[in-house]
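A short reminder: the numbers here are calculations on the coordinates, not readings from a lab. Given the structure is predicted, the values throughout are model-derived calculations rather than measurements. Because the Cβ atoms are built from the backbone with ideal geometry, glycine has one as well, and the counts that use them run over all protein chains shown.
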Amino acid sequence: MTSYVIEADGGSRGNPGPAGYGAVVKDASDDQVLAEAAEAIGVATNNVAEYRGLIAGLRAVLDVGGDGARVAVRMDSKLVVEQMAGRWKIKNEGLRPLAAEAGALVRRLRVTEWTWIPRERNSHADRLANEAMDAAAKGLTWKAGGAQEGGPAAGRGAARTAPAGRQTDLLDAGDQLSAPTAAVATAQQTARVTGAGKGTGWAPPARVATSLLLLRHGETPLSLERRFSGLGDAELTAAGLAQAAAAAERLSREPYRPDVIVTSPLTRARQTAQAVAERTGVEIEVLEHLREADFGDWEGHTFTEVQRRWPAELATWLADPDVAPPGGESFAQTAHRVRAARELLVERYEGKTVLAVSHVTPIKLLLREALLAPLESLYRMHLDLACLSLIEYYADGPAVVKTFNDISHLR
């Protein structure tokens, strides 16, 4: 039985700063390179980029060897290796969703070792990561073999090589769809900008729309107490589960019944999506870029607590969407990955009804983009828990917002 080796790396020029990852899959018997993956992922930390490199490597092994393949993982990130081996605890809440995604892939494989190697022995993956970051800095997209290409998604696509005769797959902005959808992802192409900003909205559409239903998750203990809730993985309360069930009942009937369900990786969104999946029989796909914004040091605090401890930082954050909370992510940064998610969904599921279960910030960002509104419009929107919004996208027309903050199913 063939065994494989993954070498993966990630880097950030600023930590956080412009970041990217690289991964290479080799035949363990002769070191023959079987697959490569690389991507620029926008602004992120070294650790996030390293985890993303690992995830890309695991997915590449699954493409090459399939479920049950034997693989050794080698990285120069002590943190990622030790955490994935179970020897270190994951203390950074922002890394938990990535570790969970990697863990789900690991369970489909036979990982024989987690080994830390010095950077000089990880030069192939390091080179790929830097090639991806260099390409993005020039507005280009990394391609296998070090080539670069332009295009509307330049700098935001990942390319993966495979053995001769296998289809390559390109996942926009690193959005890795979880199992059971890995098999169909091989036909996917880099997402194109579709519809947003075109036309007037008055003319009838020339073809069927892609409908994007946006469902905010139900109540959690943090939302109940009006605390900042970003990457912390709170579960739904009893009331939140009831809200999810009410939304599921509505979404199980026409005209809302979805063809596809995608969700943020965070537990509160996944629980909400699961309620809909159980009513509709539609499988869930996890789309990592639908996660909530990272509120950094403010996670778990109330607005009043933040105002008292970080008055200057809060005032600046409220005035400028390019400003991030201490240790967190700005709305502008969040907008980049949410846009990538939208491009991916609209292209991949053209003409279908897609339910995206997410959080207040990503949903607001999708709505404001469809309305051609500035980022500052986020401060003028209100979305209730478990609310529904609907955007329709036409290839030859505008994105049209048809429903906003609908909670009639909760009454």
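Of note:
- Linear extension gain, N92 paired with R121, 0.36 nm per residue minus alpha-carbon span: 7.7 nm
- Taking the number of Cβ atoms within 10 Å of each Cβ as an exposure proxy, the fewest-first ranking of H289, H301, H382 is H382, H301, H289.
- Couplings for the stretch 210-221, taken from phi via the Karplus curve 6.51 cos²θ - 1.76 cosθ + 1.60 with θ = phi - 60°, read 9, 9, 10, 7, 10, 10, 6, 5, x, 5, 10, x Hz in order; Gly and Pro are left as x.
- Taking packing as the residue-averaged number of other Cβ atoms within 10 angstrom, the listed peptides 235-243, 263-271, 31-39 run from highest to lowest as 263-271, 31-39, 235-243.
- Reachable lysines, given that their alpha-carbon falls under 20 Å from the alpha-carbon of K91 and they are not under 8 places away in the same chain: K78
- Residues Y379, Y394, sorted so that the one with the fewest Cβ neighbours within 10 Å comes first: Y379, Y394
- Extending 7 Å from the Cα toward the beta-carbon at both T403 and A137 defines two label points whose distance is 4.6 nm.
- From largest to smallest, the equivalent ellipsoid semi-axes obtained for the stretch 210-410 from the alpha-carbon gyration tensor read 27, 20, 13 Å.
- Calculated FRET value between A85 and L372, using beta carbons and R₀ = 56 Å, to 0.05: 0.70
- Nonlocal amide H pairs with S3, under 5 Å, H built at 1.01 Å: A28, S29
- Straight-line cross-link partners of K364 among the lysines, defined as a Cα under 19 Å from its Cα and at least 8 positions apart when in the same chain: K402.
- Taking amide hydrogens as placed 1.01 Å from N in the peptide plane, the amide H of H217 sits under 5 Å from those of S358, A386, each at least 5 positions away in sequence or on another chain.
- Projected onto planes of every orientation and averaged, the convex hull of the alpha-carbon atoms in the stretch 1-67 covers 4.2 nm².
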